[in-house]
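Trainee: Shown below is the structure under consideration.
The values are calculated or read from the model by the stated rules, or taken from the named source; none is laboratory data. Keep in mind the model is a prediction, meaning the values are calculated, not measured. Backbone-built Cβ (ideal geometry, glycine too); neighbour counts: all protein chains shown. Surface areas here come from the heavy atoms of the whole protein model, side chains and all, with no ligands, DNA or RNA. Shrake-Rupley method; radii C 1.70, N 1.55, O 1.52, S 1.80 Å.
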Amino acid sequence: MSKPLYITMHEADNVAIVANDGGLPAGTVFEGGLTLVDKVPQAHKVALVDIPAGGAVRRYNVTIGYALKDLPRGSWVHERLLQMPEARELVGLPIATVQPPEQTPLEGYTFEGFRNPDGSVGTRNILAITQTVQCVAGVTDFAVQRIKAELLPKYPNVDDVVALEHTYGCGVAIDAPDAIIPIRTLRNISLNPNFGGEVMVVSLGCEKLQPERLLPPGSIPIVDERNVADVGDTAEAKLDVVCLQDDAHVGFMSMVQSIMRQAEEHLERLNARRRETVPASELVVGVQCGGSDAFSGVTANPAVGYCTDLLVRAGASVMFSEVTEVRDGIDQLTSRASTPEVAEAMIREMAWYDAYLDKGRVDRSANTTPGNKKGGLSNIVEKAMGSIVKSGSAPITGVISPGEKLKQKGLIYAATPASDFICGTLQLAAGMNLHVFTTGRGTPYGLAEVPVIKVATRDDLARRWHDLMDINAGTIATGEKTIADVGWEMFQLMLDVASGRKKTWAEQWKLHNALVLFNPAPVT
Ligand code: CA
């Protein structure tokens, strides 16, 4: 058996986590004399000192709970022994108090990307077919299968054809104030840099979300003379819509052929594009975690945080998200805001989400899963401390609301739910061209629209899921590599994947999760 090992995050902590695969039995003696009085599973906490009933249990130098009974030194500290602290109130927070040391710019790093008419850069060259409503999903999917089989082979520079399927569009209170969130999400996904500015829409005809409401005049770019509308003085892009209820359609095949005919026009243009060398500052990276364990905050997320700092120094955009997984660290975030306005925007997003959860009579504690707890995370406070480290140490320079498009560089807080699919969908809408996803329990998550680099928090997961995980951050816990080593490895892999030189495992196997819209508005 390997040497017994525990990992402490901060010198003021009174618990640490057991690092060994399979956990350790009662009676295990660590170097330094600590003896386990209970069997402790891997990634679970052990008391480093006697903690009296009511005493604060500290990890990451933060109180993650209060002991419900006396916890002797060497005992297993799990979620049933802890009372969770109240969420920090959103008043009296430190505002833009941290002055991070000036970081030297990271220059000379590039990747090969597809430059778009609006200046953004794609990492893949994909034809996306937008849908106004779920009703057309079956027809669109049928057409996409035929496009892939019959047309795509003629256009070798196009990577893929993707139907942007979703469940919105009708049967919803479309004029409710919060309906703006799903509508702008769909609009902005259609404009994601990986789709080259080519927008085509399949509509039913009678749906609430009409094509002009989804993509109003002026919202899509002009790509050539064929998509210019005749609107008098000012040139405007013509919206390319195939409407299934059009009188012109007689029979199903007429609809399918109409979609295929329109798709071919976009495929021709996409096929003419070539990768060119662009600076690393054109990366728009969305970071996320899912299926987390107590190692997430020790290995994979700190490595992502290191890489986030590298990306920010290179002038790129990095988004971190997941409201319920940063809520308990709001004071860390408002203090790292670059200006009071950024801090206020962050507080506004948290307050909105508190109210949203309150309407459903839950709070942030509804976030943690049985798997998180099995993986050693006692509650959302502990989980949040491990999640926030993905944001690295740079000042936070911007905040966007759910579904908004990102228009600036630097470290951005993109407010989204923590749900993997909803967060990924909203980061796509923000303009993400590369996704990084850490997991400890293991999830095969992937998206059709953007490459997803998956990072394992543990050696054991990386070994078993060797053809699903792109990076093994478990080497940090075993001492083989440092956080900086893995952070740099991630940065280099990002440039390779963005350039199309390497495919991620999720791309290799075509593991594609659904787009899931965040719709806080009523359904009718
Ligand atoms: Ca997540």
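Trainee: Can you pull out every residue in region 439-467 that is open to solvent by less than 10 Å² (accessible area, probe 1.4 Å), among the β-branched types (V, I, T) and part of a loop (DSSP other than H, G, I, E, B)?
Mentor: Result: V450, T457.
Trainee: Go through (1) within 16 Å of the ligand (Cβ to nearest atom); (2) assigned to a strand (DSSP E or B); (3) open to solvent by 10 Å² or more (accessible area, probe 1.4 Å) and name the single condition G291 misses.
Mentor: (2)
Trainee: All but one of (1) within 16 Å of the ligand (Cβ to nearest atom); (2) more than 26 Å from G446 (Cβ to Cβ) hold for F252; state the number of the condition that does not hold.
Mentor: The one condition F252 does not meet is (1).
Trainee: Just checking, does region 225-236 include any residue being of a type outside the set (A, V, I, L, M, F, W, C), touching a residue at least 24 places away in the same chain (Cβ under 8 Å) and open to solvent by less than 40 Å² (accessible area, probe 1.4 Å)?
Mentor: No, there is no match, as no residue in region 225-236 is of a type outside the set (A, V, I, L, M, F, W, C), touching a residue at least 24 places away in the same chain (Cβ under 8 Å) and open to solvent by less than 40 Å² (accessible area, probe 1.4 Å).
Trainee: Which ones in region 275-288 are closer than 30 Å to K238 by Cβ and open to solvent by 30 Å² or more (accessible area, probe 1.4 Å)?
Mentor: Hits for region 275-288 are R275, E276, E282.
Trainee: If you scan region 306-327, which residues turn out to be more than 16 Å from the ligand (Cβ to nearest atom), of a type in the set (G, A, S) and open to solvent by less than 10 Å² (accessible area, probe 1.4 Å)?
Mentor: Of everything in region 306-327, those that are more than 16 Å from the ligand (Cβ to nearest atom), of a type in the set (G, A, S) and open to solvent by less than 10 Å² (accessible area, probe 1.4 Å) turn out to be A316, S317.
Trainee: Something else about it: Scan region 146-163 and give yes if some residue there is closer than 22 Å to E212 by Cα and either assigned to a loop (DSSP other than H, G, I, E, B) or at pLDDT 95 or above (or both), otherwise no.
Mentor: Within region 146-163 (the criterion being closer than 22 Å to E212 by Cα and either assigned to a loop (DSSP other than H, G, I, E, B) or at pLDDT 95 or above (or both)), the answer is yes, since at least one residue qualifies.
Trainee: In region 46-57, is there at least one residue being at negative phi and modelled with pLDDT under 95?
Mentor: The answer is no; no qualifying residue exists.
Trainee: Now for a different question. Scan region 396-419 residue by residue and report those that are over 23 Å from Q332 (Cα atoms) and either open to solvent by 30 Å² or more (accessible area, probe 1.4 Å) or without any contact (Cβ under 8 Å) to a residue 24 or more places away in the chain (or both).
Mentor: E404, K405, K407
Trainee: From the list A272, A263, pick out the single residue that is open to solvent by 20 Å² or more (accessible area, probe 1.4 Å), away from the ligand (no atom under 16 Å from the Cβ) and over 23 Å from the mean Cα position of the chain (by Cα).
Mentor: A272
Trainee: Of everything in region 416-437 that's closer than 28 Å to S365 by Cβ and touching a Ser or Thr at 6+ places or on another chain (Cβ under 6 Å), which residue is farthest from the ligand (Cβ to nearest atom)?
Mentor: Among those that are closer than 28 Å to S365 by Cβ and touching a Ser or Thr at 6+ places or on another chain (Cβ under 6 Å), it is A429.
Trainee: Suppose the filter is over 19 Å from N192 (Cβ atoms) and aliphatic (A, V, I, L, M); does L244 pass it?
Mentor: Yes; evaluated as a whole, the condition is true for this residue.
Trainee: Collect the residues in region 379-415 that are more than 27 Å from P279 (Cβ to Cβ) and of a type in the set (S, T, Y), keeping them in residue-number order.
Mentor: If the condition is that a residue be more than 27 Å from P279 (Cβ to Cβ) and of a type in the set (S, T, Y), then S387, S401 are the ones that fit.
Trainee: Has region 316-327 got at least one residue that is among the aliphatic types (A, V, I, L, M) and more than 24 Å from P417 (Cβ to Cβ)?
Mentor: Yes, there is a match, as at least one residue in region 316-327 is among the aliphatic types (A, V, I, L, M) and more than 24 Å from P417 (Cβ to Cβ).
Trainee: With a cut-off of at least 3 residues that are touching a helix residue (DSSP H, G or I) at 6+ places or on another chain (Cβ under 7 Å), name the strands (runs of 3 or more DSSP E) lying wholly within region 1-89.
Mentor: 62-67
Trainee: So M432 ticks every box in (1) closer than 25 Å to P279 by Cα; (2) surrounded by fewer than 23 Cβ atoms within 10 Å (Cβ to Cβ) but one. Which box is left unticked?
Mentor: The number of the failed condition is (2).
Trainee: Return the residue satisfying two criteria in turn: it lies in region 276-288 and is hydrophobic (A, V, I, L, M, F, W, C) and within 16 Å of the ligand (Cβ to nearest atom), and of such residues it is nearest to A418 (Cα to Cα).
Mentor: Restricting to residues being hydrophobic (A, V, I, L, M, F, W, C) and within 16 Å of the ligand (Cβ to nearest atom), the top hit is V287.
Trainee: Further, regarding this structure: Do you know which of the residues in region 366-388 that are within 20 Å of the chain's Cα centre (by Cα) and polar (S, T, N, Q) is most open to solvent (accessible area, probe 1.4 Å)?
Mentor: Residue satisfying both the conditions and the ranking: T369.
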